[in-house]
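Read through the structure below, which is laid out as structure tokens, and then see the notes.
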Amino acid sequence: AFGPEVLHDLRSISKSVVGLLYGIALTQGRVPTLDARLVDHFPYDDLKTDPARRGIEVRHALTMTIGLGWDESLPYIDARNSEVAMEMAEDRYHYILSRPVVAAPGSTWTYSGGSTALLAHLIARGSGQSLHDFAREQLFAPLGIAQSEWVAGTNGEAAAASGLRLTPRDLAKIG
């Protein structure tokens, strides 16, 4: 069903909203700065010593230029699709950060729901709230958006890359 009062599946628009939320959290000092090393903010000692991964900064996650192997070109019903594999992984963040290094950070754009998941995790951890609660308090309420939903991934956290649901008029408020 589609209508002015129906929550609409926004899919990848969710990624842009996470970017907005990261900016809000950044201005509040709740998340790492853009030049912070991404791996330093996750508990993976096995990845922190890799010089190629140490060059990945938060800005690269925001611009989807982290330089790690990621492929969402396969159908989302295919377990080889990186986003699907991330959902099936025991630890989604380790899965993302342990992908093979295929390019220098900042050099190549690759569509990546994994980059968005990393950012959402940093927002939730830095704010002490779920991504959806942070979004409701810091973005949606100030814009007069009262009705929203953020579908959870298999780990119980918001499916940051594609799970946001808003009415069309409320999405226009963000735009």
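Structure values in brief
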{"read-out": "Residue within the range 81-97 that is modelled with pLDDT of 95 or more, on the phi > 0 side of the Ramachandran plot, in contact with a strand residue (DSSP E or B) (Cβ under 9 Å, 6 or more places away or on another chain) and not β-branched (Val, Ile, Thr) present", "value": "no"}
{"read-out": "Criterion: basic (Lys, Arg) and over 21 Å from Leu139 (Cβ atoms) - qualifying residue of Arg11, Arg30, Arg53", "value": "Arg53"}
{"read-out": "Cβ-Cβ under 6 Å pairs, at least 6 apart or on other chains, the range 127-142 side in contact (Cβ under 8 Å) with a residue 24 or more places away in the chain and hydroxyl-bearing (Ser, Thr, Tyr), far side open to solvent by 20 Å² or more (accessible area, probe 1.4 Å) and not in a helix (DSSP H, G or I)", "value": "Ser127/Arg30"}
{"read-out": "Residue match in the range 102-121 (condition: over 14 Å from Ile66 (Cα atoms), touching a Leu at 6+ places or on another chain (Cβ under 9 Å), open to solvent by less than 20 Å² (accessible area, probe 1.4 Å) and not aromatic (Phe, Trp, Tyr))", "value": "yes"}
{"read-out": "Lone qualifier among Gly67, Gly55 - being touching a strand residue (DSSP E or B) at 6+ places or on another chain (Cβ under 7 Å) and surrounded by 14 or more Cβ atoms within 10 Å (Cβ to Cβ)", "value": "Gly67"}
{"read-out": "Subset tally (residues that are open to solvent by less than 40 Å² (accessible area, probe 1.4 Å), closer than 13 Å to Val18 by Cβ and in contact with a helix residue (DSSP H, G or I) (Cβ under 8 Å, 6 or more places away or on another chain)) for the range 131-152", "value": "5"}
{"read-out": "Given (1) within 18 Å of Glu157 (Cα to Cα); (2) in contact with a helix residue (DSSP H, G or I) (Cβ under 6 Å, 6 or more places away or on another chain); (3) acidic (Asp, Glu), number of the condition Glu87 does not satisfy", "value": "(2)"}
{"read-out": "Residue check for Ser16: free of Cβ contacts under 8 Å to residues at least 12 places away in the same chain, surrounded by fewer than 17 Cβ atoms within 10 Å (Cβ to Cβ), under 23 Å from Glu157 (Cα atoms) and hydroxyl-bearing (Ser, Thr, Tyr)", "value": "yes"}
{"read-out": "Breaking point among (1) within 28 Å of Pro4 (Cβ to Cβ); (2) among the hydroxyl-bearing types (Ser, Thr, Tyr); (3) part of a loop (DSSP other than H, G, I, E, B), for Thr116", "value": "(3)"}
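Condition check ((1) in contact (Cβ under 8 Å) with a residue 60 or more places away in the chain; (2) not charged (D, E, K, R)) across all residues:
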position	(1), (2)
Ala1	no, yes
Leu10	yes, yes
Thr27	no, yes
Asp35	no, no
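The values are calculated or read from the model by the stated rules, or taken from the named source; none is laboratory data. Quick caveat, the model's predicted, so the values are computed rather than measured. Neighbour counts run over all protein chains shown; Cβ positions are idealised from the backbone, glycine included. Ligands, DNA and RNA are excluded from the accessible area calculation, which covers all protein heavy atoms including side chains. Shrake-Rupley method; radii C 1.70, N 1.55, O 1.52, S 1.80 Å.
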